Amino acid sequence: MTAADTSENSDPGCWSRYRLTIEPVMGAAFFVIALTGSPFTDLCIEQSCLELGMDVDTCKNDESADESAHRTSSTITLWRIIIDTLPGCIMSLFTSPWSETNGRKPVLIVSLTGQALTQAAFTYMSTIKKINPYWYLVAGIPASISGGPILTILSCYCYLIDVTCPKDRVIRLAVLNEFVCIIAVIANLVAPTLQNMGYLAVYGTGAVLMVIVLLYVIILLPESAEVMKETSTTLFTTDHLIDSFKTFFKRRPGNTRSVIFALTGCGVVSLLVNAGEPDCKYLATMKKFDWGISDYTTFNAVSLIVQALGTLSGVYLLMNICRLGEAASNLVIQISLLASSILTAIATTPTMFYITSQIRIFYGCLGPITKGFISKLLPPHDIAKVLAFGSTLEAFMPQIGAVLYANLYNRTVGTDP
């Protein structure tokens, strides 16, 4: 029995209108990302210093060694993003059409299992006092070959679309983003305490959380898609790949196809910036403002609180109060992102850095508005495939952004980080 079968008197696909379903899974994925992001950068810098034969304090006081450690950390972060996301990008093209007939849960279970194993590997490696930091890339392989966070996030969106009706979809997607923001804020508030306890506590918490959410999916989460036993269960077939391409590029009435291309392009470009900035931003604040991990964690928490406030209020303000359509709302958000990036880049004081970073207050609305708009333009059987294809394009952005921003940072770290 699927989740949709449990509803009796509600509209089809609307059974989850007033209850949490996939939110804990998405929240857990982002909690672990938020919890382990900055500590991973610190861990890489620390081990890079040890590889140079210096302790961290001595390394920081040696300008040449500190710069070398930062470059190593930036390079490892770049390769980690590639390892984490590239397989998930490719797999998502196959899993979306496959999961429509074979169920969403198997994809979630596989991707969460890989992430749990990766967090367990990091937990073990964090106990080793001196290790070449490039070994941390090996720990990411289990998550990588199982699709990692990319496949988990895409599956969560597909699941939510399965169980919501069109008129509720934008607000439900906004609630999902709001839930993720709140979880990320909690992660940033909890992070300093765990970091003071050591890397073992940070990665151990991540591993335990991934196991708990995996059990939640296996035991408590109902299936959202109707499993068709007579269909092929083979995942990697050209039929699935061709189906994804055909659905995304096929001609549609009026200018619908062009609108879908434009909306997808907006999402891709904004994610390129949003995925590339954070790691370099942390390294830059260390150099420009002499921030430590606690300073940046506080900044992250403030940014996430502002974004959480802006997600639901933004949807209401832009679309209800200002009565802007989805396209106009998208444009307003993109302009705010551009302004924030430019002003943050030229910030000369921590206060200015804080203020300019919050101009992107409505960024959390972008995904729900865009995905909700696309879902209104398409027939039900095409929605997941088109969103999956768009999400696949977006999934390449962390790699491109990481390469672009890492190279920019490495070239400017000595002059203007």
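The values are calculated or read from the model by the stated rules, or taken from the named source; none is laboratory data. Just so it is clear, the model here is predicted, and its values are computed rather than measured. All Cβ positions, glycine included, derive from the backbone under ideal geometry; neighbour counts span all protein chains shown.
Observations on the model:
- L324 falls short of the stated requirement of being farther than 28 Å from E100 by Cα and assigned to a helix (DSSP H, G or I).
- Pairs with Cβ under 6 Å, 6+ apart, first in segment 269-284 and over 16 Å from I82 (Cα atoms), second among the aromatic types (F, W, Y): Y282/Y296
- Just one of the listed residues (R19, R80, R71) is assigned to a loop (DSSP other than H, G, I, E, B), of a type in the set (K, R) and modelled with pLDDT of 65 or more, and it is R19.
- Hits in segment 22-49 (condition: assigned to a helix (DSSP H, G or I) and of a type in the set (V, I, T)): V25, V32, I33, T36, T41, I45
- Selection over segment 340-353 of residues that are small (G, A, S) and over 22 Å from the mean Cα position of the chain (by Cα) gives a count of 2.
- Scanning segment 197-223 for residues that are out of contact with any helix residue (DSSP H, G or I) (no Cβ under 9 Å at 6 or more places or on another chain) and in a helix (DSSP H, G or I) gives M197, L215, I219.
- Qualifying residue in segment 255-278 (condition: under 23 Å from L393 (Cα atoms), modelled with pLDDT of 85 or more and not in a helix (DSSP H, G or I)): yes
- Residues in segment 319-347 that are exposed (fewer than 13 other Cβ atoms within 10 Å of the Cβ) and touching a residue at least 24 places away in the same chain (Cβ under 8 Å): none.
- Pairs, first in contact (Cβ under 8 Å) with a residue 12 or more places away in the chain in segment 189-212, second of a type in the set (S, T, Y) and outside any helix (DSSP H, G or I), C-beta under 8 Å, six or more apart: G198/S126; Y199/S126; L200/S126; L200/T127; V202/S126; Y203/S126
- Residue match in segment 74-83 (condition: buried (at least 21 other Cβ atoms within 10 Å of the Cβ), in contact (Cβ under 8 Å) with a residue 12 or more places away in the chain and of a type in the set (F, W, Y)): no
- Condition met for F248 (surrounded by fewer than 18 Cβ atoms within 10 Å (Cβ to Cβ) and either at pLDDT 85 or above or hydrophobic (A, V, I, L, M, F, W, C) (or both)): no
- Hits in segment 96-127 - residues which are closer than 18 Å to V163 by Cα, assigned to a helix (DSSP H, G or I) and touching a residue at least 40 places away in the same chain (Cβ under 8 Å): S96, P97, W98, S99, E100, T101, N102, K105, V107, L108
- Some residue of segment 397-417 being at pLDDT 85 or above, surrounded by 16 or more Cβ atoms within 10 Å (Cβ to Cβ), touching a Ser or Thr at 6+ places or on another chain (Cβ under 7 Å) and in a helix (DSSP H, G or I): no
- Qualifying position, being more than 18 Å from the chain's Cα centre (by Cα), among the polar types (S, T, N, Q), modelled with pLDDT of 85 or more and within 25 Å of S38 (Cβ to Cβ), among T118, T152, T123: T123
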